[in-house]
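The values are calculated or read from the model by the stated rules, or taken from the named source; none is laboratory data. This structure is a prediction, so every number in the text was calculated from the model and none was measured. Here the Cβ positions follow ideal geometry from the backbone for every residue, glycine too, while neighbour counts run over all protein chains shown. The protein model used for the area step is the full one, side chains on, heavy atoms only, and it has no ligands, DNA or RNA in it. Shrake-Rupley method; radii C 1.70, N 1.55, O 1.52, S 1.80 Å.
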Amino acid sequence: MSNKVYIVAGARPNFMKIAPIINELKNSNIEFKLIHTGQHYDNNMSKVFFDDLGIPEPNVYLNVGSGTHAFQTAKIMIEFEKVILKEEPSLVLVVGDVNSTLACALVAKKRGIKIAHVEAGLRSFDQTMPEEINRLLTDQISDFLFITERSAELNLIKEGIDKKKIFFVGNIMIDTLIKNLERARIINYYEKLNLKKKEFALVTLHRPSNVDNKENLLKVIEIINYLQEKIKVFFPVHPRTDKNIKKFNLEKKLKDLNLILTEPIGYLEFLNLMENSKLILTDSGGIQEEASYLKVPVITLRENTERPVTVEKGTNTVIGCNYEIAVKCIDKIFSNSYKKGQDIEKWDGKTAERITSILKKHLII
Ligand code: UD1
């Protein structure tokens, strides 16, 4: 067995989570290898984040690509097993809740390798979400469960996880945000787009429950149309959403009153837009947290959130795709009566440091 840590990343929301961990491992002289599963492969869904965040080239690229859940998960498992059969690491570190997270955790566990899960314990209690299944199963077999907020500890304890395995380390994505905020300010992307500070809204949309279902997608489009009546809207479109708007013939339903549509954009550009936007309309998990940290109002187009601290302390409101509630929320933001948000415990840029020191203490790495 080698003393290496294998870090797994596969899809866009993973990349901002591994960057600070890689830096810390380097600073601590801990040997690691980076495994990219290839779940996301387009330049603007993957490479741009490596460039923006200075993540080293992956040591291994599994080249798995898209497919059904079973196909994608199985293919990652088969390819990842080949890698660890050649050289067994002492720890596999997985982040978040995508198919790559679960697939690699399963393979490692069955080879008797320890697993660290960063962003453990978050629960939407909605098992129609593929991510919820990935989260539940990964946590059951993890040895180190690094959590971002206190609610996660209660969830894990209820599921029978030993308290000794749970570590409240804070939010790794906020490490990346803090580190890059100044760089994002320097590129000043919003001005390049001729947008004015706090005079535009940002929209992101990709969750299958919103975009794979014509009725829901139409509801969300109506909300975007209302927003356009109030303010300029910038909407970088995820590939899944783009395909479905075309498939359901909804291109004409999305009005072109005050709208900028683009392909997905890079990390620094997006961070600069988030910081300077008046509000964000999204169905993402991570953006609820990033907006809360930046104290920018965020309306979440989902029935639930696995990140309740963003509602309790942050700037998040979860509304499903309810048009009336969306209108009320948007109007509150415009009349300046929307909640302002507070600082959140341990979202302070030191999460990677905490993770690394825990790993050093408990493992011979
Ligand atoms: C995945 C994650 C989700 C995460 C999201 C962020 C799972 C179950 N879902 O969802 O948690 O929030 O990433 O984007 O792991 N596609 C491209 N280019 C790419 C990648 C995908 O065009 O580089 C298209 C393909 O048509 C693919 C579709 O997008 O079929 C969906 O990709 P997939 O990886 O299955 O899931 P996401 O919706 O991106």
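What tally of residues in segment 277-288 results from selecting those that are under 14 Å from the mean Cα position of the chain (by Cα) and either farther than 16 Å from Ala184 by Cβ or at pLDDT below 95 (or both)?
Selection size over segment 277-288: 5.
Determine, yes or no, whether Thr356 is closer than 16 Å to Val203 by Cβ and either part of a strand (DSSP E or B) or open to solvent by less than 10 Å² (accessible area, probe 1.4 Å) (or both).
no
Across segment 168-219, what is the total count of residues that are more than 13 Å from Leu301 (Cα to Cα), part of a loop (DSSP other than H, G, I, E, B) and open to solvent by 30 Å² or more (accessible area, probe 1.4 Å)?
Here the count works out to 9.
Starting from residues that are farther than 19 Å from Val233 by Cα and touching an Asp or Glu at 6+ places or on another chain (Cβ under 7 Å), keep the ones in segment 307-329 and report whichever is surrounded by the fewest Cβ atoms within 10 Å (Cβ to Cβ).
Result: Gly320.
Could you please let me know if Gly160 is among the small types (Gly, Ala, Ser) and open to solvent by 60 Å² or more (accessible area, probe 1.4 Å)?
yes
Limited to segment 57-98, what total is found for residues that are touching a strand residue (DSSP E or B) at 6+ places or on another chain (Cβ under 6 Å) and farther than 16 Å from Lys110 by Cα?
Going through segment 57-98 one residue at a time, the tally reaches 5.
Output the residues belonging to segment 330-353 that are touching a Ser or Thr at 6+ places or on another chain (Cβ under 7 Å) and either among the small types (Gly, Ala, Ser) or crowded, with 16+ Cβ neighbours inside 10 Å (or both).
Gly341, Ile344
Report, ordered by the first and then the second residue, all pairs with beta carbons closer than 7 Å, sequence separation of six or more or different chains, a first member in segment 339-361 that is closer than 16 Å to Arg150 by Cα, and a second member that is modelled with pLDDT of 95 or more and surrounded by fewer than 19 Cβ atoms within 10 Å (Cβ to Cβ).
Close Cβ pairs satisfying both conditions: Gln342/Lys313; Ile344/Lys313; Lys346/Phe168.
In segment 4-21, how many are within 11 Å of the ligand (Cβ to nearest atom) and open to solvent by less than 10 Å² (accessible area, probe 1.4 Å)?
Residues meeting the conditions: 4.
Across segment 185-235, what is the number of residues that are under 10 Å from Asn276 (Cβ atoms) and aliphatic (A, V, I, L, M)?
2
Please tell me if Leu85 is away from the ligand (no atom under 16 Å from the Cβ) and either in a strand (DSSP E or B) or touching a His at 6+ places or on another chain (Cβ under 7 Å) (or both).
Judged against the criteria, Leu85 is not a match.
Search segment 22-43 for residues being farther than 15 Å from Leu359 by Cβ, touching a residue at least 12 places away in the same chain (Cβ under 8 Å) and among the polar types (S, T, N, Q), and hand back the single one that is surrounded by the fewest Cβ atoms within 10 Å (Cβ to Cβ).
Among those that are farther than 15 Å from Leu359 by Cβ, touching a residue at least 12 places away in the same chain (Cβ under 8 Å) and among the polar types (S, T, N, Q), it is Gln39.
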